[in-house]
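Laboratory data are not the source of any read-out in this text; all were calculated from the coordinates shown. Nothing here was measured: the structure is a model prediction, and the numbers come from that model. All Cβ positions, even for glycine, are placed from backbone atoms using ideal geometry, and neighbour counts span all protein chains on display.
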Amino acid sequence: MSKQIGDVILNVQNISLSFGGVKALSDISFDVREHEIRAIIGPNGAGKSSMLNCINGVYTPQQGSITFRGQTFSHMDSHQVAVMGVARTFQNLALFKGMSVLDNIMTGRNLRMKSNLLLQAIRFGPAQREEFEHRRKVEEIIDFLEIQAYRKTPVGQLPYGLQKRVDLGRALALEPQVLLLDEPMAGMNVEEKQDMCRFILDVNDEFGTTVVLIEHDMGVVMDISDRVVVLDYGKKIGDGTPDEVRNNPEVISAYLGTGH
Amino acid sequence: MFYRENGQFKTSYQADQQIFPIMQDRWFIAALLLLAFVGVPFIASDYMFSAILIPFVIMAMAALGVNILVGYCGQISLGSGAFMAVGAYGAYNFFARIPGMPLIPTLILGGLCATVFGILFGLPSLRVRGLYLAVATLAAQFFADWMFLRIKWFTLDTPSGSVSVSNLQVFGMPIESDLSKYLFCLSLLCVVALLAKNLVRGAIGREWMAIRDMDVAAAVIGIRPMYAKLSAFAVSSFIIGMAGALWAFIYLGSWEPSAFSVDQSFRLLFMVIIGGMGSIMGGFLGAAFIVVLPIFLNQFLPVFAAWFGFVISTTVVSHAELMIFGALIVWFLIVEPHGLARLWAIGKQKMRVWPFPY
Amino acid sequence: MGFFLETLLGGLMAGMLYSLVALGFVLIFKASGVFNFAQGAMVLFAALAMARFSEWLNASGLGNLWLVNLIAFAMAAGVMFCVAWVIERLVLRQLVNQEGTTLLMATLGITYFLEGLGQSLFGSDIYKIDIGMPKEPVMAFESTFPGGILINQEDLIAALIAACLVALLSLFFQKTSTGRALRAVADDHQAAQSIGIPLNRIWVIVWCVAGVVALVAGMIWGSKLGVQFSLATVALRALPVVILGGLTSVPGAIIGGLIIGVGEKLSEVYLGPYVGGGIEIWFAYVLALLFLLVRPQGLFGEKIIDRV
């Protein structure tokens, strides 16, 4: 089954990022095409999460720019990025521990909720209708991720694999055009990984969401991604289809080893 | 067994998301409201009204406001006394300078004054948090202390520095007797509590809690930290300001700036800690606890000492109060940091599974 | 000009006293990450202890001023060690992994407790501490300025004592192995624990040192103002100092204290008359507030980076 991979939607140009004396990213450039699944791989500490953080506006790169749908920015503002339709999951979850699963995913809808404070205080009428409309949407996501039984549970009480699903659900609630996933399968067993892969592929298929994916599991990466970027010590050492990257000698020596 | 939710299915979002989805809760609240509005006026003595009930109702409102800021949005505030003061003096100025100003708009305007003050002194929360924010809010407290002491305009240039109000009435009915004061404050409390509960379970409440739990992640999903934090300060200080105006107008009658000192700020914070942060009911429980405790100690400690043959003076009682207060705070933080509200929830859980242990 | 210098010097002296209290804050925060709101209550408690002990010693016939003060100081220090040990055992140990705000509020509770306990044990009147400080001011620099500058000898000696204390503490931190251990704990509790540094013992030590600092501060303040309940509020005056200087910096506490002390005095004298006077109560706080907006970590503090 072939899908239509579109034009470049996200273009990262010459990004350099350092913290004090430590250079996290050196002159990174790559692009992401619409509807594709782009993987970013590399050893630990290569700067993959930092790269996503730059795209999201959590970190500000010292040099370089990011172009999204034709608009170029030297620094991304987190709120603006979310408005533009980029959503994100986190390596260490970053869920709102004090809230239930339902509420966590509902926060993803906040961007689209328009009622002001006064209307919300009264609630009866427009605010309530809006709340239910978005609840309906969130319930669809909950159905999709198969976490119905846990919707009222505080997320802090859920096992790790389910928390990862809630993280994904919260990102999906933004109805994003680009989904940045930071090691969505870390710490999962084979079954859970298969489930997660299925979700990612479904999202990419049904909604056409572009996916940028950081992942360590080579099997997953080679299987589901369309193109791969390889980072090592903050530098880009490979960029291309999974097969091209697999046969790249630099990548092999830095990361893959001789088994592949 | 008593609290079983089995069989209570919800078939619409409306039913699922109501404030009291469990039937037993609805009965309980109905009974409570009946008791509060109808029963209490018959049973309570004048002393109970003036010493316990009226302060409790007003403090519960203030604690509600503080809980929104500290419990739901996670912004530490040690300046609540200042917000009460601004609300009180703001309302006073409108009341005294504009002849014939009706009471409820006065209170609301007082609240709005506190809102402006709150937003202003809430600006530091955009840059700092935790302890540093606590210090910043203390700046608000001391600044307000000074403002109402030294700037004569606020107190209408009275020579003594203290101001008073009289002849309060609502819709033509005078608010003179303890009973009328109690019912008036109680009604306002119920309205404010309902509005607050709606906010807290709506979109803005989720934003506040998101900021509290992890503000970096909140920013990434599109929540504006600035709007969320300042709105928390605004709503919170409005409620606290109104409570301050009520405290001044209705409970005190005449007051000086020292009525809203830093001690009041600490008291409010303790109400929220002991009652339970991040819970509307927590404010009520905490206020009840803090209002009743000194009275209880005052009555009980001399009796307790008499059993052992001691006679203790009031100074000893007041020192003991401080010690017990402090010890209780520490004890609560160690044993149940989520306060009385969590204990209440645990109690309900026990009732749910009784006679089984878990 | 002479008057300006007088005010300046007065501010510097007052600032030195603030620095002493701020030092206690910084010490505890550096070593355990706990912000000890109870520092002021500790100052009061220590001062009360020393005042009453010296009173009892005097009443029991011991004549020599120096001896009385020395013994009273030692006894009060002993009391503070007990307090430190109890606080660590009963409170801190139970709250080890809690977040900063919980610990802050716990120290608020300790504040109330100490205030009540201090007054119950030692009484709530105003007491004197007489450590032989000369009370009459001297006129200095009479040749340079007409009439000379009024210098309060007591303040001068107090500043000297404070300076000595700071020097001692710096030496302690930099040169001794315990000091090194304290610095390690301040950096990272878990890492320090993993190399065998006994966390609980360290914390008791730190609170003891902070207790002694509180005692010195209480002694000096008490000698100047008399020991009374309002001494506890001195902690509230010292908070802006740590904000200004940075919570983790000993030199920051000193410099911050001097800045606040000078600022308060100067603003009261030169700005005060225009706005009704009495601005001392909020000047320090508003200064700290403005500073917070510009440089949240203070003059010498460390910047905090959030990693997601």
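Between 0 and 90 degrees, the angle of helix A:160-172 with respect to the longest Cα principal axis of chain A falls at about 80 degrees.
Each 20 Å bin from zero up to the one holding the largest Cα-Cα distance in chain C carries the following percent of pairs: 32, 57, 11, 0.
Within chain C, how many Lys pairs sit with Cα atoms under 28 Å apart, leaving out pairs fewer than 8 places apart on the same chain? Numbers along the way, then the final one.
Details: C:30/C:175; C:30/C:303; C:128/C:224; C:128/C:265; C:135/C:224; C:135/C:265; C:175/C:303; C:224/C:265.
Within chain C, the lysine pair count is 8.
Indicate the gyration tensor shape class of the range A:208-251 (rounded, prolate or oblate), computed on the Cα atoms with a ≥ b ≥ c the square roots of the eigenvalues: a/c under 1.5 is rounded; otherwise a/b larger than b/c is prolate and the rest oblate. Please report the intermediate quantities before stating the final value.
Numbers: a/c = 1.77, a/b = 1.41, b/c = 1.25.
Prolate.
Could you pull out which residues in the range B:297-325 have an amide N less than 11 Å from a spot 7 Å beyond the Cα of residue B:51, following the Cα-Cβ vector? Counting only backbone N, you get B:297-300. Straight-line cross-link reach from residue A:23 at under 13 Å between alpha-carbon atoms covers these aspartates and glutamates, not counting any fewer than eight positions away in the same chain: A:232.
Give the Rg/Rh ratio for the range A:97-169, taking Rg as the radius of gyration of the Cα atoms and Rh as the Kirkwood radius, to two decimals.
Values: Rg = 13.1 Å, Rh = 12.9 Å.
That ratio equals 1.02.
Relative to the dominant Cα principal axis of chain A, helix A:190-206 is inclined by about 80°.
Distance from the Cα centre of the range B:3-49 to that of the range B:224-290, in angstrom? Using only Cα atoms to place each centre, the spacing works out to 24 Å. Per residue of C:272-285, other chain Cβ atoms within 10 Å of the residue Cβ number 4 on average.
Need one number: convex hull volume per residue for chain B, Cα atoms only, in Å³. Given the Cα convex hull of chain B, per-residue volume reads 180 Å³.
In terms of surrounding Cβ atoms within a 10 Å radius of their Cβ, B:237, B:164, B:231 rank from fewest to most as B:164, B:231, B:237.
Screening chain B for whole DSSP H helices of 24 Å or more along their axis (Cα) with average Kyte-Doolittle hydropathy at least 0.5 returns B:80-97, B:103-122, B:131-150, B:178-200, B:225-246, B:280-307, B:314-335.
What is the sum of charges, Lys and Arg at +1 and Asp and Glu at -1, for the other residues whose Cβ falls under 15 Å from the Cβ of residue A:14?
On the way: positive: A:23, A:235, A:236; negative: A:27, A:31, A:239.
Residues close to residue A:14 contribute a combined charge of 0.
Sort the following peptides by mean Cβ neighbour count (other Cβ atoms within 10 Å, averaged over residues), highest first: A:115-121, A:207-213, B:73-79. Intermediate results must be reported in sequence, preceding the final value.
Numbers: A:115-121: 16.7, A:207-213: 20.9, B:73-79: 27.3.
The most tightly packed comes first, giving B:73-79, A:207-213, A:115-121.
By the combined test of axial Cα extent (at least 18 Å) and Kyte-Doolittle hydropathy (mean at least -0.5), the qualifying DSSP H helices of chain C come to C:2-32, C:39-59, C:65-87, C:100-122, C:153-175, C:199-225, C:250-266, C:280-294.
What per residue convex hull volume, in Å³, do the alpha-carbon atoms of the protein assembly as shown yield? List each step's numbers first, then the result.
Working: hull volume 206.2 nm³, N = 926.
Spread over its residues, the Cα hull of the protein assembly as shown gives 223 Å³ apiece.
So, counting K/R as plus one and D/E as minus one, what does the shell of residues with Cβ under 15 Å around residue B:3 add up to?
Its environment carries a net charge of +3.
The order of C:48, C:8, C:258, C:271, going from fewest to most other C-beta atoms within 10 Å of their C-beta, is C:271, C:8, C:258, C:48.
Straight-line reach from residue A:164: taking Cα to Cα under 23 Å and skipping same-chain neighbours fewer than 8 places apart, the lysines in range are A:48, A:97, A:137, A:152, A:193.
What does the average come to when, for each residue of peptide C:37-45, you count the partner chain Cβ atoms lying within 10 Å of its Cβ?
Details: counts 4, 1, 0, 0, 2, 0, 0, 0, 0.
Other-chain Cβ atoms within 10 Å of each residue's Cβ, averaged: 1.
For peptide A:58-69, compute the average count of partner chain beta-carbon atoms within 10 Å of each residue's beta-carbon.
Details: counts 7, 3, 0, 0, 0, 0, 0, 0, 0, 0, 0, 0.
The per-residue average across the peptide is 1.
Against chain A, whose longest principal axis is taken from its Cα atoms, helix A:126-145 shows a tilt of about 40°. One quarter of the convex hull surface built on the alpha carbon atoms of the range C:171-308 amounts to 11.3 nm², the projected area averaged over directions. Each of B:353, B:116 was scored by other Cβ atoms within 10 Å of its Cβ. Listed from fewest to most, they are B:353, B:116. For the pair the range A:190-260 / the range B:99-133, the C-alpha centres are spaced 53 Å from each other.
From helices alone, chain C scores -23500 deg cm²/dmol at 222 nm; the rule is -39500 (n - 2.57) for each run of n ≥ 4 DSSP H residues, then divide by the residue total. For a quick check, take a GNM of chain C with Cα springs below 10 Å and name the residue from C:83, C:216, C:91 with the largest mean-square fluctuation. Answer for the Gaussian network model of chain C: C:91.
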